[in-house]
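Okay, so here's the structure we're looking at.
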Amino acid sequence: MRKIDKIVLSHGHYDHTGGLRQILLKMKRKVEVIAHPDIWSAKYRRRQNEADRYIGIPFTRPELESLGANFRLTAKPVKIMENVMTTGEIPMITDFEEIDPNLFVNEDDTWQPDKLLDDQSVIINTEGGLVVVLGCAHRGMINTLYHAQKLTGVNPIYAVLGGSHLLTASEERTWLTIAALKDLGVQRLGLSHCTGQAKACLMAQEFGDKFFFNNAGTIFSLPEELS
């Protein structure tokens with residue numbers, strides 16, 4: 001904990017921010033929290049025949065600031081250290097990736113589709129290529145990878161880690177995603193969380209030894225010459 005001086009929030013959903021209060025309580029000091037301004041939007045999941053469910057940050061900003069959070073809210077990429085940066089807002093480039101239509105923002109008692117502009121990832125530029133750490137990839141895993149290439153000017157992608165949000169993806173989108181990953185030449189693929197077990201098994205079948213199940217507790221080490 002003593003070595004942590006920055007925290008990056010991938011987006012403003014409760015399952016990606018719910019541990020922030022406890023971390024701040026343990027740190028007992030000021031820490032920079034990098035995120036998009038939209039993390040504070042009133043985010044909900046709305047499904048037919050179900051009650052609207054609040055899925056935003058489960059804490060207030062004043063509470064977290066009182067515990068030491070120094071929010072740096074920006075839509076732009078942020079350089080964290082040499083060869084490590086955030087993506088900032090991710091443009092929607094592909095014609096097959098889409099945002100979950102069940103996600104909404106409530107503004108002044110008006111419901112608007114959540115564009116998830118706050119969705120971002122972390123890019124690590126290594127000698128062997130980019131390592132992209134996804135949060136949930138709400139704006140598309142392939143969109144994120146293309147954006148990482150554009151931001152860094154580096155084309156090789158060594159590893160993609162994290163949530164790919166393929167759980168509810170159509171069969172067509174899934175296969176187009178697989179084709180894009182192969183075209184990008186990704187060497188290691190460690191997917192987790194919102195990928196879904198069925199889609200993860202398909203990825204394992206398609207990518208063989210390049211794929212690994214990136215569950216809680218998994219440790220991923222870069223080869224010595226890349227670290």
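May I ask you to say which residue of ILE23, ILE34, ILE80, ILE57 is modelled with pLDDT of 95 or more, surrounded by 14 or more Cβ atoms within 10 Å (Cβ to Cβ) and over 24 Å from MET141 (Cβ atoms)? Lay out the reasoning, then the answer.
Working: ILE34 fails: over 24 Å from MET141 (Cβ atoms); ILE80 fails: over 24 Å from MET141 (Cβ atoms); ILE57 fails: over 24 Å from MET141 (Cβ atoms).
When all the criteria are applied, what remains is ILE23.
Filter the stretch 2-31 for residues that are closer than 23 Å to LYS79 by Cα, outside any loop (DSSP other than H, G, I, E, B) and in contact with a Phe, Trp or Tyr (Cβ under 8 Å, 6 or more places away or on another chain) and give the result.
THR17, LEU20
Which of the residues belonging to the stretch 44-72 are over 16 Å from the mean Cα position of the chain (by Cα) and either closer than 17 Å to GLN120 by Cα or part of a helix (DSSP H, G or I) (or both)?
ARG61, PRO62, GLU63, LEU64, GLU65, SER66, PHE71, ARG72
For GLN112, only one of the following conditions fails: (1) in a strand (DSSP E or B); (2) crowded, with 18+ Cβ neighbours inside 10 Å; (3) of a type in the set (S, T, N, Q). What is its number?
It fails just one condition, (2).
Pick from the stretch 99-120 the residues that are touching a residue at least 60 places away in the same chain (Cβ under 8 Å) and within 20 Å of THR174 (Cβ to Cβ): which of them is nearest to the chain's Cα centre (by Cα)?
ASP119
Of these, HIS165, HIS193, which one is at positive phi and in contact with a strand residue (DSSP E or B) (Cβ under 6 Å, 6 or more places away or on another chain)? Explain how you work it out, then say what you get.
Details: HIS165 fails: in contact with a strand residue (DSSP E or B) (Cβ under 6 Å, 6 or more places away or on another chain).
Exactly one of HIS165, HIS193 is at positive phi and in contact with a strand residue (DSSP E or B) (Cβ under 6 Å, 6 or more places away or on another chain), namely HIS193.
Give GLU65, GLU98, GLU107 a once-over and let me know the one that is at pLDDT 95 or above, surrounded by fewer than 17 Cβ atoms within 10 Å (Cβ to Cβ) and over 30 Å from MET27 (Cα atoms). It would help to see each step written out before you state the result.
On the way: GLU65 fails: over 30 Å from MET27 (Cα atoms); GLU107 fails: at pLDDT 95 or above.
When all the criteria are applied, what remains is GLU98.
The values are calculated or read from the model by the stated rules, or taken from the named source; none is laboratory data. Fair warning: this is a prediction, and the values are worked out from it, not measured in the lab. Every residue, glycine as well, gets a Cβ built from its backbone with ideal geometry; the counts of neighbours run over all protein chains shown.
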